[in-house]
Amino acid sequence: MSLIRMQNIQKSYKNQDIVTQVLKGINLTIKAGEYVAIIGPSGAGKSTLMTLLGCLGVPTSGKYFLDDEEVGKLRDKELSRVRNEKIGFVFQAFHLLSGVTASDNVMMPLIYNRKLPPDANQRVNEALKKVGLGHRLGHTPGQLSGGEQQRVTIARALINHPKILMADEPTGNLDSENSMEIMKIFDQLNQEGNTIILVTHEPQVAAHASRVIHVKDGLIEKDEY
């Protein structure tokens, strides 16, 4: 069953009288449980594609279905609902609240739900244990290494049990050793059945995925399994 379907997706931006077309007709299907890397040179359109896949924006034209819901034309409030319910994000920048414990940072998506679920603390503890930080629950970002901070962001992304985990350059701020450890976590999460989509410019990161989509000049140039 297709979790994601994109049909002739185009995206352009207008600055005064200048229109720049970034995506020029993307057709893409991703099934539940896939491990997909989107790779391409700077300016290829891969980050814009991730923005649309993650419901952080809407296409200029075309249709986008996520979990059988057409999300390509939703308003901001409904897009926010879809993101919170179905997508977990991991970015290059960690976006953690300083001075707040790892546990509380991971708790944030649950707080956005207005009412905390009764098992909130258990879910937070389990998410941090899953990324190997069960012993660092009370530590703040300033007390954690870069690799540990990225683990916290992964735990936070998992807390709502999303349909998709999306990662944009997840190892971009890490050294090679920590990058390897982070990718091991993604590999394990996929083996457990999680759908993973990651954007990267690094071939060694993309090599972890079972499917690599090459984007160039706003189009899918190659789709390798």
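Before moving on, here are some points about what is shown:
- Listed by first and then second residue, the pairs with beta-carbon distance under 6 Å, at least 6 apart or on different chains, first residue in the stretch 100-120 and in contact (Cβ under 8 Å) with a residue 40 or more places away in the chain, second open to solvent by 70 Å² or more (accessible area, probe 1.4 Å), are Asn105/Leu97; Leu110/Leu116.
- Selection over the stretch 130-155 of residues that are within 20 Å of Asp187 (Cβ to Cβ), surrounded by 18 or more Cβ atoms within 10 Å (Cβ to Cβ) and basic (Lys, Arg) gives a count of 1.
- For the stretch 186-205, the set of residues classified as within 14 Å of the chain's Cα centre (by Cα) and either hydrophobic (A, V, I, L, M, F, W, C) or open to solvent by 10 Å² or more (accessible area, probe 1.4 Å) (or both) consists of Phe186, Leu189, Asn190, Asn194, Ile196, Ile197, Leu198, Val199, listed by residue number.
- Counted residues, the stretch 157-177 - those being of a type outside the set (Val, Ile, Thr), more than 19 Å from Leu53 (Cβ to Cβ) and open to solvent by less than 50 Å² (accessible area, probe 1.4 Å): 1
- Residue list for the stretch 52-94, restricted to those being within 30 Å of Ser145 (Cα to Cα), free of Cβ contacts under 8 Å to residues at least 40 places away in the same chain and not in a loop (DSSP other than H, G, I, E, B): Arg83
The values are calculated or read from the model by the stated rules, or taken from the named source; none is laboratory data. Computed from a predicted structure; not experimentally measured. When we count neighbours, we look across all protein chains shown, and the Cβ atoms used for this are built from the backbone with ideal geometry, even at glycine. Keep in mind that these areas ignore ligands, DNA and RNA; they rest on the heavy atoms of the full protein, side chains included. Shrake-Rupley method; radii C 1.70, N 1.55, O 1.52, S 1.80 Å.
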